[in-house]
Structures are given as structure tokens and as C-alpha cells.
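Just below is one structure, and these are the notes that go with it.
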Amino acid sequence: MRNEIAYPKIVKIKKTKREAKNIKTILFEYDGKNITPGQFLMIWIPGLDEIPMSISYINNKEIGFTFRKVGEATTALYNLKKGNKIGFRGPYGNGFTIKGKNILVVGGGTGIATLAPLIEKILSIKNKKLTAIFGAKTKDEMFFTRRFRGINLKISTDDGSIGFKGMASELTEKIIKEENFDQVITCGPEKMMKKIVDICNLYKIPVQASLERYIKCGIGLCGQCCIGEGLRVCKDGPVFEGDVLNKISEFGYFKRDASGKKIKI
Ligand SMILES: Cc1cc2nc3c(=O)[nH]c(=O)nc-3n(C[C@H](O)[C@H](O)[C@H](O)COP(=O)(O)OP(=O)(O)OC[C@H]3O[C@@H](n4cnc5c(N)ncnc54)[C@H](O)[C@@H]3O)c2cc1C
Ligand code: FES
């Protein structure tokens, strides 16, 4: 336990992959057999920062995470090459729970990365029916469509450069009106997830969403990531059921920065 908290495991990068504009994957050797899709790692960039990243590739030889270059830490990660070293703690968090037969998975932006191992898990279970929606702002930012070639995948872009023109949440509502789903699972921008949870409430479909909050310890100790009445995103989440989200007034409206100050979403 002491090791798990205090010392990141140091690993050599086995491979980096450009997935789309400003989006890359870093893979390293690790046996992922006990990882649940939806769990995350605390990635340590020596001398710079430690940030949370969902696990986007899971097998028993290697795991990986896929990220967008948005600031200092992710730019440093973006510039790393095969053979460079990073540290990680985890896997942390609860991960997704698959329920029912006919499942709709909706990913927006880098939320697609979080959902990718879940999609692979659903596809590996007999008698499950899967529909996936991947949403991005534009074609250049869409990724993992080749990885999921051949599955029932619908694409949406805000500018219509590929697939349905509009928000992933609009496409979700259109599809939900046409077909009965037993469960909806979503990860992406919080405004998108809020709309999807509201749609699921309307159509009475069980829903799970994976939340992002500022993470420091990642193991439920510091209280930085608390939402609602004391739920820790890093430990009780990041995946929450719709009926829990319905009681969290800040869901879809605000989060907190590193100092704890409220920021509008
Ligand atoms: C559970 C979880 C899983 C995530 N998985 C992914 C993923 O798979 N791919 C991906 O691209 N991004 C993911 N993120 C978001 C990612 O952690 C941030 O984009 C990253 O920390 C930005 O760091 P930066 O220094 O590059 O940017 P900054 O300029 O420092 O920050 C840019 C944005 O990232 C947020 N951020 C910065 N540090 C943290 C932190 N310690 N915890 C949470 N948010 C932070 C800031 O609040 C800000 O909104 C995840 C976040 C969480 C909470
Ligand atoms: S980040 Fe410390 S309790 Fe969640």
C-alpha cells in the first residue's frame, strides 16, 4: 500500500501513436488483465506534473492512454518518444458496469478513449448488442474509427465534415427514439453527458457517465475531487449512475480548479 501511494511505477514507453490532430496514444508494457474499462492512471511526467488519464488500450501485455494536447503536461507527453520513461500510479477508480442486452455507448472528444476498452469488452460478451456513437468537433479530431471498423458505429461532427451534422447528444436522442436500449454509457464533455442523462431520464433508460474533476491524490484522501454530498470522483467514480448524477446539482454546470474555486462548465 505504501508503495502504491508514494511511488509511481517507472516504465519505458513501448510505442507512441498519432491518432488525430493533437491526439496521441502512449503504450507501455503492463499486464492489464485486472483492469476494468473506465479506470484511470495517474501519469507522472518526471520534473513536471502528475495528471489523470483513462486507460484506452487494455490487454495482457501492454496498456495505453490516449490524450489531447491541451496544456503543459499533455504537451510534454505529446513530445515523448519510444524509450522515454514515465511513471504511473493506479489503476484507480471504479470503471463501468455493463448491464442489460442492448447497449448504447456515446463518446465525445477524448471521452472516446475512455470508452474504447469498454466497447471491446461488450463485443467480447456473448448475446450483447452494441451501438456506439463517436462525436467530435470536426473530422480532423475524430479517432479510433479504424479500430472499430465493422461494428455498429455512428459518427457525428459539429461541423458535419463527417457523419451526422450536429452534437453527439442530438444523434443519441434520434437513435433512442428509434430503438429500445437497456443501458446507455457515456463519456465526454460534461454538457454533452448532462444532455444524455436528461434524455435517458425522459426515456427511462439506465445510464452511466464518467466524470472529470481536478484530481490530486487519486486515491480518495485529499477531498479535491468531491462532488454532491461527499462523493469522490477519483474513488467513488469516475463512473456514476444516472440516479446519483440526478442528485448532484453541479453536474453539467460547474467544476472546481486546483485551488477549489468554482468554474462554470
Ligand atoms: C479521471 C480522468 C480521466 C482523464 N482521462 C483523460 C484522457 O483519457 N485523455 C485526455 O486527453 N484527458 C483526460 N483527462 C483530462 C486530463 O487529465 C487533462 O486534460 C490534463 O490534466 C491537462 O493537463 P495539462 O497540464 O496539459 O493542461 P492544463 O493547462 O494544466 O489544464 C487543462 C485542463 O485540464 C484540467 N486539468 C489539469 N490538471 C488536472 C488534474 N490533475 N486533474 C484533472 N484535470 C486537470 C484543467 O482543469 C483544465 O481544465 C482525464 C481527467 C480525469 C479527471
Ligand atoms: S483527488 Fe484526492 S480525494 Fe480525489
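Below are the figures for this structure:
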read-out	value
Alpha-carbon spread of the chain, three principal axes, descending order, Å	51, 41, 37
Per-residue HN-Hα couplings for the range 123-132 [Karplus 6.51, -1.76, 1.60; θ = phi - 60°; Hz; x = Gly/Pro]	5, 7, 9, 4, 6, 9, 10, 10, 10, 10
C-alpha center-to-center spacing [the range 196-230, the range 22-70] in angstrom	20
Cα centre as origin, Lys/Arg/Asp/Glu Cβ charges: the chain dipole, Debye	740
Angle in degrees between helix 190-203 and the longest Cα principal axis of the chain, rounded to the nearest 10	40
Prolate/oblate/rounded call for the range 183-265, Cα gyration tensor, a/c under 1.5 rounded	prolate
Degrees between helix 168-178 axis and first principal axis of the chain (Cα, 0 to 90, nearest 10)	40
Y92, Y78 arranged by Cβ crowding within 10 Å, fewest neighbours leading	Y78, Y92
Amide H partners (placed H, <5 Å) of T138, local residues excluded	D158
Nearest-0.05 FRET efficiency for N201 and S161, computed from C-beta distance (R0 35 Å)	0.65
Inter-probe distance in nm under a simple model that places probes 7 Å from Cα toward Cβ, at E229 and N127	3.7
Residue exposure sequence - L115, L211 - by fewest surrounding Cβ within 10 Å	L211, L115
Positive minus negative residues near Q224 (Lys, Arg vs Asp, Glu; Cβ under 13 Å)	+4
Residues of the range 82-114 with amide N under 15 Å of the 7 Å Cα→Cβ point at I265	107-111
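No lab work stands behind these numbers, since they all come straight from the coordinates. Remember, it's a predicted structure, so these values are computed and weren't measured experimentally. Neighbour counts are summed over all protein chains in view; Cβ atoms, including those assigned to glycine, are modelled from backbone coordinates with ideal geometry.
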